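Below you'll find the structure, written out as structure tokens, and then a few comments.
The values are calculated or read from the model by the stated rules, or taken from the named source; none is laboratory data. Model, not experiment: these values are computed from the prediction. Cβ placement follows ideal geometry from the backbone for every residue including glycine, while neighbour counts extend to all protein chains displayed. Heavy atoms of the whole protein, side chains included, go into the accessibility calculation; ligands, DNA and RNA do not. Shrake-Rupley method; radii C 1.70, N 1.55, O 1.52, S 1.80 Å.
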Amino acid sequence: MPDRKTLILQGIAASPGIVIGKAFLMEDEELCLVQKEISKEDAKKEVIRFREAISKTRAEMIATQEKIYKTLGKEYARLSDAYLLILEDPLITRDVIKKIAEGVNAEYALFRILEKVIHSFEMIDDEYFRERKHDIQDVGKKILRHLLGKERRVLADITSESVIVAHNLTPADTISMRENLVKGFTTDIGGRTSHTAIVAQGLEIPAVVGLRNITGQAREGDVIIVDGNQGIVIVNPTAEMLENYRREQEIQLAQIRELEKLRDLPAQTTDSHRVTIAANIDNPEEVKSVLSHGAEGIGLYRTEFLYFNRSTLPTEDEHYENYRRVAQKMLPYSVIIRTIDLGGDKLSHLGLEGITVENNPFLGLRAIRLCLKYPSIFKTQLRGILRASAEGRIRLMYPMISGIYELRAANKILEETKDELRREGKKFDENIEVGAMIEVPSAALTADLIAREADFLSIGTNDLIQYTLAVDRVNENVASLYEPLHLAILRLLKTVVDASHNAGKWVGMCGEMAADTNFTMVLVGIGLNEFSVSPAQVPKIKKIIRNISLLEAKALVTEILNSTEREVIIQKIKRREFKGTNI
Ligand code: PEP
Ligand code: MG
């Protein structure tokens, strides 16, 4: 029997698979701050404490810089020079010491001085310098953590295979798990279609989110089972539970091996209706897994991840190199590169005005809106994509198009960019296809107009569902209201698919609904041409498609579109489980 109590927690299944490991607890980001009055005598001690915090911060930054140098190279390592300069700046060090001498504790003095410095940066006209305030804030937080003796543990601290237990993880945290020993993760908050969950699926790391208080229930080093299929987490499992789950792991491995046999077979129904199954990626390293799982292309490359964990914008050459590499490896298949979708739950620390301070970031300056507001950032990426299109089969796609005018505005910038490249004699695919994501209800309702001017449509259900049903995709409190089978969603999907076909264009789906095997038959019946899913889901979807007929899929759609009973709809879908497909 384990010494500590066994806890079985139900959360939201965010990334499939089962993992058993030791808990690594990550603290929350928030640091609390108290003002204390101090005597002259204590002021000296406070200054010493402050100087020590500065030296610890410096040592930490240099260690990180060395690590970056080894893993990513000189160019990236240099990015942290700016942080070191801020740390040495007398505007901060000298003034904090002066403030302490007035009789306040070091934390409070630092807070006040940072506030003053940040305010003076906000007054600067030049946007670039103005936005450096975020670097100052970051450095300030690091010093503060040392003063409070509350270093936030970072993933790089992990020395043995672990399961992360955190209140929340950002998509940027998750993407850095690639280089670490993270075998799975669990969080207090979050939703099934958050980008943190999506990245975990790409990395094939099992995850359960929305557990409410696992950080208060698990302790460092506890044995944890993460069942990412059912959304269950067991802290300190019994020997019997461990054995059952180990057996389950073996069964799943055998199923995966079985599915590998489908790799080179077409995604074709029993009555010869062919669809395409492509994969979603957010990093070039995932191409290997895309090909090994038998995907016929990349249906969504989430390029905003290029902007994470850094403090400068990617250059045109970085974009170009990155896309060229992916496109060449994917040949003869095509790659749909989505222009950046920053904002929402994908904030980057690039200090762009507006995206870090919004009250409703999902309704704010996100995706194509951000690109239209900052055309030079947009053009840099477009130039990279266009140049890479000369060396592979690249298609381009805009996120969060809300109507025809936005598509035209984006295309206008695209045409200007093409003209610039022509003038410079740089090669690109003159016939590059340009698609629009349909993920805002206003776009779905006007899909007929958009389809006329786009080469293809791709339905982003993660957002389409959140915006149509008014359910925040990352909020565990409303997760049960996030219903892909809501009739409003099914009607919208049909509207979009029909509009696209009427305009003679193909239509895909790259949201998580396409990856859920429960919905495959409905989506085939609605007429979807392409499914784009995380690489590991590709064979599962293919298996279902190879077991159904288009005829019965269409009949199912007619039935459920005419049913107003939620339970009846769910039953109709469940009745159609297929032999051997309950994976
Ligand atoms: C979507 O919204 O369904 C989608 C694919 O885009 P993202 O998840 O990156 O918002
Ligand atoms: Mg989206």
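Observations, loosely collected:
Here is a yes/no grid of residues against (1) closer than 20 Å to residue 263 by Cα; (2) among the polar types (S, T, N, Q):
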{"position": "488", "(1), (2)": "no, no"}
{"position": "491", "(1), (2)": "no, no"}
{"position": "514", "(1), (2)": "yes, no"}
{"position": "518", "(1), (2)": "no, yes"}
{"position": "525", "(1), (2)": "no, no"}
{"position": "539", "(1), (2)": "yes, no"}
{"position": "555", "(1), (2)": "no, no"}
{"position": "561", "(1), (2)": "no, no"}
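- Residue 500 being touching a helix residue (DSSP H, G or I) at 6+ places or on another chain (Cβ under 9 Å) and within 16 Å of ligand 2 (Cβ to nearest atom): no
- Flag for residue 245 being away from ligand 2 (no atom under 16 Å from the Cβ), not assigned by TED's automatic domain parsing to the domain that holds residue 509 and not in a loop (DSSP other than H, G, I, E, B): yes
- All of (1) open to solvent by 10 Å² or more (accessible area, probe 1.4 Å); (2) under 15 Å from residue 338 (Cα atoms); (3) not polar (S, T, N, Q) hold for residue 436 with one exception: (1).
- Residue within region 368-387 that is of a type in the set (Val, Ile, Thr), within 16 Å of ligand 1 (Cβ to nearest atom), closer than 28 Å to residue 496 by Cα and open to solvent by less than 10 Å² (accessible area, probe 1.4 Å) present: yes
- Extreme residue, farthest from the chain's Cα centre (by Cα), among residues of region 67-106 that are open to solvent by 30 Å² or more (accessible area, probe 1.4 Å), acidic (Asp, Glu) and at pLDDT 65 or above: 102
- Of all residues in region 408-431, those that are open to solvent by less than 10 Å² (accessible area, probe 1.4 Å), more than 16 Å from ligand 2 (Cβ to nearest atom) and within 21 Å of residue 342 (Cβ to Cβ) total 2.
- Answer residue from region 203-223, given it is open to solvent by less than 10 Å² (accessible area, probe 1.4 Å) and not in a loop (DSSP other than H, G, I, E, B) and is nearest to residue 288 (Cα to Cα) among those: 207
- Qualifying residue in region 558-574 (condition: hydrophobic (A, V, I, L, M, F, W, C) and in contact with a Phe, Trp or Tyr (Cβ under 7 Å, 6 or more places away or on another chain)): no
- Listed here are the helices (runs of 4 or more DSSP H) enclosed by region 505-583 that have at least 2 residues being within 16 Å of ligand 1 (Cβ to nearest atom), β-branched (Val, Ile, Thr) and modelled with pLDDT under 95, and there are none.
- Flag: residue 492 matches the condition of being over 19 Å from residue 12 (Cβ atoms), outside the structural domain of residue 201 (by TED's automatic domain parsing), open to solvent by 10 Å² or more (accessible area, probe 1.4 Å) and touching a helix residue (DSSP H, G or I) at 6+ places or on another chain (Cβ under 6 Å).
- Looking across region 455-473 at every residue that is crowded, with 24+ Cβ neighbours inside 10 Å and part of a strand (DSSP E or B), the one that is farthest from ligand 2 (Cβ to nearest atom) is identified as 457.
- Count of residues meeting criterion [away from ligand 1 (no atom under 16 Å from the Cβ) and closer than 29 Å to residue 275 by Cβ] in region 296-346: 14
- Among the residues of region 549-559, the ones that are over 32 Å from the mean Cα position of the chain (by Cα) and either touching a residue at least 40 places away in the same chain (Cβ under 8 Å) or under 24 Å from residue 533 (Cα atoms) (or both) come to 6 in all.
Here is a yes/no grid of residues against (1) small (Gly, Ala, Ser); (2) out of contact with any Ser or Thr (no Cβ under 6 Å at 6 or more places or on another chain):
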{"site": "429", "(1), (2)": "no, no"}
{"site": "432", "(1), (2)": "no, no"}
{"site": "435", "(1), (2)": "yes, no"}
{"site": "438", "(1), (2)": "no, yes"}
{"site": "455", "(1), (2)": "no, yes"}
{"site": "463", "(1), (2)": "no, yes"}
{"site": "473", "(1), (2)": "no, no"}
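- Per the conditions (1) in contact (Cβ under 8 Å) with a residue 24 or more places away in the chain; (2) open to solvent by 50 Å² or more (accessible area, probe 1.4 Å), the sole criterion not satisfied by residue 515 is (2).
- Residues of region 249-287 that turn out to be surrounded by 15 or more Cβ atoms within 10 Å (Cβ to Cβ) and charged (D, E, K, R), as a count: 2
- When we screen 316, 353 for residues that are assigned by TED's automatic domain parsing to the domain that holds residue 437, at pLDDT below 95 and more than 16 Å from ligand 2 (Cβ to nearest atom), the only hit is 353.
- Qualifying positions in region 396-454 - in a loop (DSSP other than H, G, I, E, B) and either of a type in the set (D, E, K, R) or under 24 Å from the mean Cα position of the chain (by Cα) (or both): 399, 400, 401, 402, 424, 426, 427, 429, 430, 433, 439, 440
- Pairs with Cβ under 8 Å, 6+ apart, first in region 127-139 and among the acidic types (Asp, Glu), second modelled with pLDDT of 70 or more: 135/82; 135/83; 135/86; 138/83
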